[in-house]
2 protein chains.
Amino acid sequence: MQKATARAHPNIAFIKYWGNRDDNLRLPSNPSLSMNLAGVYTQTTVEWTDDLTSDSLDINGEPAAEEARMRVSNHLDRVRSRLNMTTRARVQSENNFPMGAGIASSAAAFAALTVAAVAAADVQLSERELSTIARMGSGSASRSVPGGFVEWFAADTHEESYAQSFAAPDHWDLHDVIAVVSTEHKKTGSQAGHRTAFTSDLQPARVAGAQARFDVCRQALLDRDFSSLATVVEEDSNLMHAVMMTSRPPLFYWQPTSLEIMHLVPEWRREGLNVCYTLDAGPNVHCLCTADAAEEVRNRLQNLSEVGEVRMTSPGGAAEIIS
Amino acid sequence: MQKATARAHPNIAFIKYWGNRDDNLRLPSNPSLSMNLAGVYTQTTVEWTDDLTSDSLDINGEPAAEEARMRVSNHLDRVRSRLNMTTRARVQSENNFPMGAGIASSAAAFAALTVAAVAAADVQLSERELSTIARMGSGSASRSVPGGFVEWFAADTHEESYAQSFAAPDHWDLHDVIAVVSTEHKKTGSQAGHRTAFTSDLQPARVAGAQARFDVCRQALLDRDFSSLATVVEEDSNLMHAVMMTSRPPLFYWQPTSLEIMHLVPEWRREGLNVCYTLDAGPNVHCLCTADAAEEVRNRLQNLSEVGEVRMTSPGGAAEIIS
C-alpha cells in the first residue's frame, strides 16, 4: 500500500499557543489546550510514487501555490527522514469548510498530511509520535491528531512535546459558535506572528502564568464547570492579544466588530447564558457555549449587522485514516 | 485676602500613569509624561470663611453631589493640614468644556483647587509643592500644575513625587485632535481602575519598561522627532490598555469605534501624515499630530460616522491665579 487518505479536524485553543522556545522544532513557549471541531475537516490523500521528482500538491482540486507546496514538501522531508525513505509524494487535500470561515486550516491540514503520509508508507506509529511530527509542520497541528479535548505539553525536546486527549468528545457537549467578522486574508500569518511574540515586553509574564491557567482550564473542563471555564478562557485570549498588540511592530487581529462581540458576550453571560469568547490570530470570534445556549447565541450573533456567517461546531474526534 | 480664583488645563499623557505604589499618597508605579491642553480649562474659586461648618462645592453653578463634595473636602483637609488652618471653604468650580468631551476633568479640577486654595490663604508655595499636594487629590493633577510638556517623577516619598515642565508650550506646536467616541459615563473610574492595575499579570512588565519609554518619549519631544514620538506613544497606550484588559475583572475602555480609529491612524501615518493615537481610561481617541496635519486629521475623523464631536487643542500653560 503506497496510498492513504486521512481526515483531521481543526481545533480551537482554550489556552493559547503563542511563541516558541525553538522556532525550527516548533517547541512552544507554553502548554496549550484545545477542543477539536466536529463537522469541519481537512481530507488529505498521500500517494508515494517513483513517478515524481518533486512532491506535488493540489488543494481543493487545483495545483497549490509554490509557497504552500514547499511547506508541505518540507514537512514530507520530516516524514521521509523518520521512515528512511526518499520517494516523492502526490498530495491532494480538500477542506469541507470555505477559506475565511473563521477556522484556522493549517492545524487540520498538517495533522491529516502527517497521518496520511505515514499510513501510505504502511508504517504504524503511535498517536504520540504522529502528534510530534505534525507539530513540526504547524504547532497547533499536534493538537488535531488526538480527539476531543486535548492538551499539548511544552517541553525541551522534540519527543516530549506532543498532544494527547484528556477527555473524549462526548465528555461535554460544548459548542463553538463562530462569528465570521472578516474573510479578508490576515496581513500577518500565525507563523510570522509567533516569531514576534518575544518582542513584546509582556510575553514573559503571559508565559509564566500559562501553566496555572492551563491547570484551571483543564479542571473546569473535567468538572464541566462553565463559569470557571469562561473566566480563564477569556483571560487567556486577552493575554495573547495583549502580547500581540504590544509586539514590535504591533499586531492587531481584532476588528471593531470583534470588540463589539467581546463587549456583548460577558453581558449575555451575566443574563444567564453559558457563553464566553476566545479569538485566535484573526478577527473572528469563537463563542464557546453549552448545548442549551447554542441556538440563542447563534441567533444573537446573526442579528449583528457586521457579522457575516455564523457557524456552529461541537467537539470532534481524532485524526483518522479513511482509506 | 481669603478668596482666590485659579485656572488649570487638563493634560493628555504620552507616557501613561496606571497603578500606584501607594494608593493613599497616590505615589505612582512609574514616571509619566504629558502635555497640557490649551483652550480647555477648569476655573475654581476658593473662599475660606468662618460662616461654614463644612466645605461647600458648586460645579457649573449647581451644588455638587455628596461624593464629589467629600472628595474635594478631603483634599482641602490636606491643604488645611499643610497650612495649619481649620477654616472651611466655599468652592465654586466651572469647566469651559462639556462633560464627555473626551477630556479627563479631575486633573484640571484638583490642580485649580490646590492653587486657588493656597492662594486664598495668602500663602506662597513653590510650584513643586503645589504639584505634590495636587497629586494627592488626583494623581494626574500633579501634571496640570506646571505648563507645557510635563514630567512626573515616580518616587518613594511624597516630597519627591512631583511634576515639572521640561519644555514650554511654544517648544513644539503639537495638536491633540480628540475624537469623541462616547459620552457615556464610564463604568469604572480611574480611581478604582488604578487599584486593579496589579491584578494583571502584565503590570510588572509594563512598569519595568516605563522609564525607558519615558526617556525615549522625552527625547523625541525635545528633538521634535515625530516618528520616534509616534512609535513610543502608541506602544505605551497599548501597554496600559493591555494591562487593563487583563486585570481581574478585565477593564475594557476601548469601543469598536476607538479600535477603528486605532487601525486607521497608523495607515494615515504611512501615507505621510504626522499623527499617532493615545487613549486614556476611556473610549475617546486622542490623535496627536503636528500643526500642519491637524486640519486634515480633524476632517478625516469627522467623516467617520460613529464619531461625535471632534475637538482640537494645542499645548497649554501652567495653572495660574486669575484673581
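For segment A:85-100, indicate whether the set of residues that are modelled with pLDDT under 95, within 16 Å of the chain's Cα centre (by Cα) and among the small types (Gly, Ala, Ser) is non-empty.
So far as segment A:85-100 goes, yes, one or more of its residues are modelled with pLDDT under 95, within 16 Å of the chain's Cα centre (by Cα) and among the small types (Gly, Ala, Ser).
Given the residues B:320, B:296, which is the only one that is open to solvent by 20 Å² or more (accessible area, probe 1.4 Å) and in contact with a Leu (Cβ under 7 Å, 6 or more places away or on another chain)?
Result: B:296 is the single residue among B:320, B:296 that is open to solvent by 20 Å² or more (accessible area, probe 1.4 Å) and in contact with a Leu (Cβ under 7 Å, 6 or more places away or on another chain).
For segment A:294-320, which residues satisfy the criterion of being free of Cβ contacts under 8 Å to residues at least 40 places away in the same chain and either aliphatic (A, V, I, L, M) or in contact with a strand residue (DSSP E or B) (Cβ under 6 Å, 6 or more places away or on another chain) (or both)?
Passing the criteria: only A:302.
So the check is Cβ under 7 Å with 6+ separation or different chains; which pairs have a first residue in segment A:91-110 that's assigned by TED's automatic domain parsing to the domain that holds residue A:44 and a second one that's acidic (Asp, Glu) and open to solvent by less than 20 Å² (accessible area, probe 1.4 Å)?
A:91/A:55
Report yes if residue A:283 is modelled with pLDDT of 95 or more and closer than 22 Å to residue A:184 by Cβ, otherwise no.
Considered against the rule, which asks whether it is modelled with pLDDT of 95 or more and closer than 22 Å to residue A:184 by Cβ, residue A:283 comes out as no.
Please specify each residue of segment A:254-282 satisfying the condition of being part of a loop (DSSP other than H, G, I, E, B), within 14 Å of chain B (Cβ to nearest Cβ) and open to solvent by less than 20 Å² (accessible area, probe 1.4 Å).
Answer for segment A:254-282, where residues must be part of a loop (DSSP other than H, G, I, E, B), within 14 Å of chain B (Cβ to nearest Cβ) and open to solvent by less than 20 Å² (accessible area, probe 1.4 Å): A:254, A:279.
Table: residues versus (1) of a type in the set (S, T, N, Q); (2) touching a helix residue (DSSP H, G or I) at 6+ places or on another chain (Cβ under 9 Å).
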{"site": "B:215", "(1), (2)": "no, no"}
{"site": "B:222", "(1), (2)": "no, yes"}
{"site": "B:229", "(1), (2)": "no, yes"}
{"site": "B:240", "(1), (2)": "no, yes"}
{"site": "B:251", "(1), (2)": "no, yes"}
{"site": "B:261", "(1), (2)": "no, yes"}
{"site": "B:264", "(1), (2)": "no, yes"}
{"site": "B:274", "(1), (2)": "yes, yes"}
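Restricting the first residue to segment A:40-65 and requiring it to be assigned by TED's automatic domain parsing to the domain that holds residue A:178 and of a type in the set (A, V, I, L, M, F, W, C), which pairs with a second residue that is buried (at least 18 other Cβ atoms within 10 Å of the Cβ) and outside any strand (DSSP E or B) meet a Cβ separation below 7 Å and a spacing of at least six or different chains?
Taking only residues 6 or more apart or on different chains, not a single pair turns up.
If residue B:194 satisfies all but one of (1) open to solvent by 10 Å² or more (accessible area, probe 1.4 Å); (2) within 14 Å of chain A (Cβ to nearest Cβ), what's the number of the condition it fails?
Among (1) open to solvent by 10 Å² or more (accessible area, probe 1.4 Å); (2) within 14 Å of chain A (Cβ to nearest Cβ), residue B:194 violates only (2).
When you go through (1) in contact with a Phe, Trp or Tyr (Cβ under 6 Å, 6 or more places away or on another chain); (2) surrounded by 23 or more Cβ atoms within 10 Å (Cβ to Cβ); (3) without any contact (Cβ under 8 Å) to a residue 60 or more places away in the chain one by one for residue B:285, which number turns out not to apply?
Condition (3) is where residue B:285 drops out.
Any idea which residue in segment B:299-317 is surrounded by the fewest Cβ atoms within 10 Å (Cβ to Cβ), counting only those that are among the aliphatic types (A, V, I, L, M) and under 30 Å from residue B:194 (Cβ atoms)?
B:312
Quick test for you: out of B:53, B:5, pick the one residue that is in a strand (DSSP E or B) and either charged (D, E, K, R) or open to solvent by 10 Å² or more (accessible area, probe 1.4 Å) (or both).
The unique qualifying residue is B:5.
Those residues that are open to solvent by 10 Å² or more (accessible area, probe 1.4 Å) and either more than 9 Å from chain B (Cβ to nearest Cβ) or at pLDDT below 95 (or both), I need them from segment A:215-231; list them, please.
Of everything in segment A:215-231, those that are open to solvent by 10 Å² or more (accessible area, probe 1.4 Å) and either more than 9 Å from chain B (Cβ to nearest Cβ) or at pLDDT below 95 (or both) turn out to be A:215, A:216, A:218, A:219, A:222, A:223, A:224, A:225, A:226, A:227, A:228.
Report the residue count in segment A:205-214 for those that are surrounded by fewer than 20 Cβ atoms within 10 Å (Cβ to Cβ) and among the small types (Gly, Ala, Ser).
3
Exactly one of (1) over 30 Å from residue A:295 (Cβ atoms); (2) without any contact (Cβ under 8 Å) to a residue 60 or more places away in the chain is unmet by residue A:139. Its number?
Result: residue A:139 fails condition (2) only.
The values are calculated or read from the model by the stated rules, or taken from the named source; none is laboratory data. Every value quoted in this text rests on a predicted model; they were computed, and no experiment measured them. Note that each Cβ is placed from the backbone with ideal geometry, even for glycine, and that neighbours are counted across all protein chains shown. Ligands, DNA and RNA are excluded from the accessible area calculation, which covers all protein heavy atoms including side chains. Shrake-Rupley method; radii C 1.70, N 1.55, O 1.52, S 1.80 Å.
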